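First the structure, in the form of structure tokens, and then the observations on it.
The values are calculated or read from the model by the stated rules, or taken from the named source; none is laboratory data. In this text the structure is predicted, and so the values were computed from the model without any measurement. Because the Cβ atoms are built from the backbone with ideal geometry, glycine has one as well, and the counts that use them run over all protein chains shown.
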Amino acid sequence: MSEFLILRFDLPDEAATLALGARLGRALAPGLSLWLEGDLGAGKTTLTRGVLRELGFAGRVKSPTYTLVELYELSRFNLYHFDLYRFVDPDEWEDAGFREYFNAASVCLVEWPDKAGGRLPQPDLRVQFDILDDGRRIRIDALTEAGRLCIARLNSTCQP
Ligand SMILES: Nc1ncnc2c1ncn2[C@@H]1O[C@H](COP(=O)(O)OP(=O)(O)OP(=O)(O)O)[C@@H](O)[C@H]1O
Ligand SMILES: [Mg+2]
């Protein structure tokens, strides 16, 4: 079992959030599922943008507020970016096939996981955002061995 369970970062500005996203992008592996938790405007989509840019997506990363999920077909894996803030219809979860997106070949980043009312599988990592007077504080917790390995890879790369 790897030793790292929790990492914390102080991010003074948007560029720091994007840089941490890039580091996280390099540390991701197929099969991982991450919950991104924090208030409106905390930086969840910004971090996702940093991940996607690092993994070669050159287009605009929009917040999937109304579509609930956006698929990015990257060279290393498919990445599903969820924003469940407006999730209301429990049947939609099954009907839209969201359950199948959580599989060994893809990576899922989920904003507002609590809105799914327990339909989500347990994540490998929880990323919690706090809004400070100047910037953001982020805490990343590993909940599985795959999550711990990801944290170990993230920790081994140089600071943003
Ligand atoms: N470390 C930081 N310090 C200060 N501002 C930041 C930092 N990181 C991101 N921001 C800014 O905060 C805002 C965060 O917006 P973002 O859309 O990423 O939040 P979100 O958590 O996805 O919100 P929502 O729940 O509404 O989807 C953006 O304006 C971004 O520029
Ligand atoms: Mg967002």
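For Ala104, indicate whether it is modelled with pLDDT of 95 or more, within 13 Å of ligand 1 (Cβ to nearest atom) and not in a strand (DSSP E or B).
So Ala104 fails the test.
Run down Arg139, Arg119 and say which single residue is farther than 20 Å from Pro30 by Cα and assigned to a strand (DSSP E or B). Let's see the steps before the verdict.
Values: Arg119 fails: assigned to a strand (DSSP E or B).
The unique qualifying residue is Arg139.
From the list Phe87, Phe57, Phe82, which residue is surrounded by 13 or more Cβ atoms within 10 Å (Cβ to Cβ) and in a strand (DSSP E or B)?
Unique residue meeting the criteria: Phe82.
Can Thr65 be described as within 15 Å of ligand 2 (Cβ to nearest atom) and modelled with pLDDT of 95 or more?
no
Filter the range 83-107 down to residues that are among the hydrophobic types (A, V, I, L, M, F, W, C) and closer than 16 Å to Gly147 by Cβ and give me whichever is farthest from the chain's Cα centre (by Cα).
Filtering first and then ranking leaves Ala104.
Only one of (1) in contact with a helix residue (DSSP H, G or I) (Cβ under 7 Å, 6 or more places away or on another chain); (2) within 16 Å of ligand 2 (Cβ to nearest atom); (3) part of a helix (DSSP H, G or I) fails for Leu36. Which number is that?
Of (1) in contact with a helix residue (DSSP H, G or I) (Cβ under 7 Å, 6 or more places away or on another chain); (2) within 16 Å of ligand 2 (Cβ to nearest atom); (3) part of a helix (DSSP H, G or I), only one is false for Leu36: (3).
State which residue is surrounded by the most Cβ atoms within 10 Å (Cβ to Cβ) when the search covers only the range 14-29 and only residues that are touching a residue at least 40 places away in the same chain (Cβ under 8 Å) and over 14 Å from Leu125 (Cβ atoms).
Keep residues of the range 14-29 that are touching a residue at least 40 places away in the same chain (Cβ under 8 Å), which gives 16-17, 19-20, 22-24, 26-29.
Next, from what is left, pick out any that are over 14 Å from Leu125 (Cβ atoms): 16-17, 19, 22, 26.
Numbers: Ala16: 20, Thr17: 26, Ala19: 18, Ala22: 20, Arg26: 13.
Ranking the candidates gives Thr17 first.
Suppose we keep only residues that are more than 12 Å from the chain's Cα centre (by Cα) and in contact (Cβ under 8 Å) with a residue 60 or more places away in the chain within the range 108-121. Which one would you say is surrounded by the most Cβ atoms within 10 Å (Cβ to Cβ)? Steps first, please.
From the range 108-121, those more than 12 Å from the chain's Cα centre (by Cα) are 114-121; that's our starting set.
If we keep only those that are in contact (Cβ under 8 Å) with a residue 60 or more places away in the chain too, we end up with 114, 120-121.
Values: Asp114: 13, Leu120: 20, Pro121: 9.
Once the filter is applied, the top-ranked residue is Leu120.
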